[in-house]
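**Q** Attaching a single structure in structure tokens format; questions to follow.
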Amino acid sequence: MDVLEQPYRVRNFVKGEFVDHHSDNLDLVSPLNGAVIGQVPMSDSQSLDGAVRAASEALAGWSSKTIKERAKVFFRYRTLLESHIDELSNLIHLEHGKTLIESRAEILKAIELCEFAVSLPQIIGNEIQEVSKGIECRVDRKPVGVVAAITPFNFPSMVPHWSFPNALVLGNTMVLKPSEKVPLSMIRTAELLKEAGLPDGVFNIIHGGQEIVKALCDHPDIKAITFVGSTKVAKIVYRRATATLKRCVALGGAKNHLVVLPDAAVTSTASNIISSMSGCAGQRCMAASVMIAVGDVDPIIQKMLEVANTMVCGGNLGPVISQDAKQRIENCIALAEKQGAQVILDGRDPVVEGKRNGFYIGTTIIDNVTPDMAIAKEEIFGPVICIIRVKDLEEAIHIENSSVYGNAATVFTQNGADAAIFMDRASAGMIGVNVGVPVPREPFSFGGWNESKFGVGDITGKSSVEFWTQLKKITYQW
């Protein structure tokens, strides 16, 4: 693993090899302590051309293999993920700052995603029917071609695994652009895929920033793109990619609402909410962001404070990704205070012994927030939750439905009728009942509504099969 010796030498991965570049570099900074641990190339469109060319050259050979042959590669790769889980978890911890427990959970999710990809031969059998005497019609699924994935910093391994295992098992070849803030996990992934027997050129990595994102959207030989990031950029990517007649699914931001009714179980509800808002330092699109307190739920809020106080920066609570992110989040808290909200647990400027230059924010709970405040409407992406107090479930659903986002929403209650009303009327793609992070497991797909997703279909599970394939209809008579 010579490419990962510190200081980390990050290079593009093209046609099965790590290649040198002739572009500017960006410092790679660990959020744990603010230390520069390497350099990341800011590749140009010429570098992308080489990666796309490699993927194009590999397409015919890879797509001509049977789906079972392609799945066997990922069966071997899945085994390698399992045997290297400690190493891969440490990489995520270093480049992203997640706790080792959270990092390990991310690799376990990547393994689960590979298991679904390996099952695709049993899921997508071709259709055949005798449509008239002596005449049969058949539908085959064929790959789209050379495809791309643009992935964010918050899940260096899991989010790329939302796209490339299914895309490749279904016969496509890929160019992946990981976040320039967390390039190390995908470098190691490329090595393990090669070790598993993936042919050269089937999976390629290009590092860079905005220039590469634009070039991926514009490249005439790329037929489909998945994107995960902020809503602002998701809109840009979706419009730019579809303008060049590509398929595109672009996942954006979120403002997830957790509605708490007075009959909710005190201990489990408080624990679920704090885990949801502070897991991965709140840097996930499924994080709890707004608690809508229906009636008197003060006992649950008091329990939340107890649980939140067990979260220790540098211990079971990791840093946010950068100094800029830390400052932005703290500014959001200050603005809420200025607008009249009450910070009942303040996580700003914690002292973390031995990691004073890390980018830490403690768990923060803000009460008496009103729906018109910025903190009630905008994505924070940190370990912060605000509380809006309402009189009934009807008002709570109205607030949830008023959000421009629609990623996830949860209700905490022991009343089945109230839960059914919420499940039916909440405007979000993923709904939970007494579940703080309602992420669907495979084969169910991941994806939100409204301004949390742009494009048709979802990015994982059975829904992704439609995105990564095109239908060939054959009619024959003998």
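The values are calculated or read from the model by the stated rules, or taken from the named source; none is laboratory data. This is a predicted model, so every value here is computed, not measured. Reconstructed Cβ throughout: ideal geometry from the backbone, glycine too, with neighbour counts over all protein chains shown. Accessible surface is based on the protein model in full, side chains and every heavy atom, while ligands, DNA and RNA are left aside. Shrake-Rupley method; radii C 1.70, N 1.55, O 1.52, S 1.80 Å.
**Q** How large is ³J(HN,Hα), in whole Hz, for each residue of the range 153-158 in order, when computed from phi with the Karplus curve 6.51 cos²θ - 1.76 cosθ + 1.60 and θ = phi - 60°, using x for Gly and Pro?
**A** Once rounded to whole Hz, the list reads 7, 6, 9, x, 10, 4.
**Q** May I ask which of Lys72/Lys453; Lys235/Lys338; Lys214/Lys462; Lys214/Lys473; Lys214/Lys235; Lys246/Lys453 have a Cα-Cα span longer than 24 Å here?
**A** Lys72/Lys453; Lys235/Lys338; Lys214/Lys462; Lys214/Lys473
**Q** Return the calculated 222 nm mean residue ellipticity for the chain, to the nearest 500 deg cm²/dmol, obtained by summing -39500 (n - 2.57) across DSSP H runs with n ≥ 4 and dividing by the residue count.
**A** Mean residue ellipticity, 222 nm, calculated: -12500 deg cm²/dmol.
**Q** Now, a different point. Hey, what do the phi angles of the range 115-127 turn into as Karplus ³J(HN,Hα) couplings, whole Hz, using 6.51/-1.76/1.60 and θ = phi - 60°, x for Gly and Pro?
**A** 5, 5, 4, 5, 7, 4, x, 8, 9, 10, x, 5, 8
**Q** For Met174, enumerate residues with amide H under 5 Å from its amide H, sequence gap 5+ or separate chain, H modeled in the peptide plane.
**A** Val147, Phe203, Asn204
**Q** Another question, then. Sort 91-100, 391-400 for me by packing, meaning the mean count of neighbouring Cβ atoms within 10 Å per residue, highest on top. Don't skip to the answer; put the middle values down first.
**A** Details: 91-100: 23.5, 391-400: 17.1.
Per-residue mean Cβ counts within 10 Å order the peptides as 91-100, 391-400.
**Q** Could you please state, rounded to a whole Å, how far the C-alpha centre of the range 86-118 is from the C-alpha centre of the range 123-140?
**A** The range 86-118 and the range 123-140 have Cα centres separated by 41 Å.
**Q** If you don't mind, another one. Solvent-accessible area per residue for the chain at a 1.4 Å probe radius, Å²? Each step should come with its number before you reach the end.
**A** Numbers: 19490 Å² over 478 residues.
I get 41 Å² per residue for this part.
**Q** Check which residues have an amide H placed less than 5 Å from Gln470's amide H, if you skip close sequence neighbours.
**A** Here Lys142, Val144 satisfy the definition.
**Q** Please work out whether the range 268-387 counts as rounded, prolate or oblate from its C-alpha gyration tensor, where a ≥ b ≥ c are the square roots of the eigenvalues and a/c under 1.5 means rounded, while otherwise a/b larger than b/c means prolate and anything else oblate?
**A** The shape class here is oblate.
**Q** Can you list the residues, at least 5 places off or on another chain, whose amide H is less than 5 Å from the amide H of Leu28, using H built in the peptide plane?
**A** Ile37, Gly38, Gln39, Val40
**Q** Give me the percent relative contact order of the range 218-343, please, defined on Cα pairs under 8 angstrom at least 6 residues apart.
**A** Dividing the mean separation by the residue count of the range 218-343 yields 20 percent.
**Q** While we're here: Whenever you get a sec, compute what percent of the accessible area on the chain sits on carbon and sulfur atoms (1.4 Å probe).
**A** About 51 percent, which is the carbon plus sulfur part of the accessible surface.
**Q** Right, something else. How much accessible surface area, in Å² rounded to 10, belongs to the heavy atoms of Thr244 with a 1.4 Å probe?
**A** Near enough 60 Å² of accessible area.
**Q** In 5 Å bins starting at 0, how do the alpha-carbon pair distances of the range 147-230 split up by percent?
**A** Taking every Cα pair in the range 147-230, the percentages come to 3, 15, 29, 27, 18, 7, 1.
**Q** So, with +1 on the Cβ of K and R and -1 on the Cβ of D and E, and no other charges, what is the size of the charge dipole of the chain about its Cα centre, to the nearest 20 debye? Let's see the in-between values first.
**A** Numbers: 47 positive and 53 negative charges, 272 e Å.
Here the chain has a charge dipole of around 1300 debye.
**Q** For the chain, take the longest principal axis of its alpha carbons; what is the angle in degrees between that and the long axis of helix 85-96, to the nearest 10 within 0 to 90?
**A** Approximately 60 degrees, to the nearest ten.
**Q** Name the residue from Pro383, Ala419, Asn407 whose Cα lies farthest towards the positive end of the charge dipole of the range 299-426, charges +1 on Cβ of Lys and Arg and -1 on Cβ of Asp and Glu.
**A** It is Pro383.
**Q** Between the alpha-carbon centers of the range 254-303 and the range 175-189, tell me the distance in whole angstrom.
**A** Between the Cα centre of the range 254-303 and that of the range 175-189, the gap is 32 Å.
**Q** Another question about this same structure. Considering only protein heavy atoms, what is the solvent-accessible area of Lys232 at a probe of 1.4 Å, reported in Å² to the nearest 10?
**A** About 150 Å², ignoring ligands and nucleic acids.
**Q** By its C-alpha gyration tensor, with a ≥ b ≥ c as the square roots of the eigenvalues, how is the range 45-113 shaped: rounded for a/c under 1.5, else prolate for a/b larger than b/c, else oblate?
**A** Since a/c reaches 1.5 but b/c is at least a/b, the shape of the range 45-113 is classed as oblate.
**Q** If you don't mind, another one. Do any trypsin sites (Lys or Arg not before Pro) in the range 414-470 lie in a loop, going by DSSP, with at most 16 other beta-carbon atoms within 10 Å of their beta carbon, and if so which?
**A** Sparse-neighbourhood loop trypsin sites (Lys or Arg not before Pro): Arg441.
**Q** Could you work out the relative contact order of the chain? I mean the mean sequence separation of Cα pairs under 8 Å and 6+ apart, divided by the number of residues, in percent.
**A** Relative CO of the chain lands at 18 percent.
**Q** Rounded to the nearest 5, what is the percent of antiparallel bridges among the DSSP beta bridges in the range 101-227?
**A** 30
**Q** Ok, one more. From the protein chains alone at 1.4 Å, what is the descending order of accessible area for Arg11, Arg239, largest first? Don't skip to the end; give the middle numbers.
**A** Details: Arg11 35, Arg239 160 Å².
Greatest to least solvent exposure: Arg239, Arg11.
**Q** Could you list log10 I(q)/I(0) for the chain at q = 0.08, 0.09 Å⁻¹, which the Debye formula gives when each Cα is one point scatterer?
**A** Reported log10 I(q)/I(0), two decimals: -0.49, -0.62.
**Q** While we're here: What does the accessible area of Ile67 come to, in Å² to the nearest 10, when a probe of 1.4 Å is used?
**A** Rounded to the nearest 10, the figure is 40 Å².
**Q** Along the range 184-189, what does the Karplus equation 6.51 cos²θ - 1.76 cosθ + 1.60 (θ = phi - 60°) give for ³J(HN,Hα), rounded to whole Hz, x for Gly and Pro?
**A** Result, rounded to whole Hz: 5, 4, 6, 4, 5, 4.
**Q** Post the alpha-carbon centroid distance, the range 11-36 to the range 402-435, in whole angstrom.
**A** About 41 Å separates the Cα centre of the range 11-36 from the one of the range 402-435.
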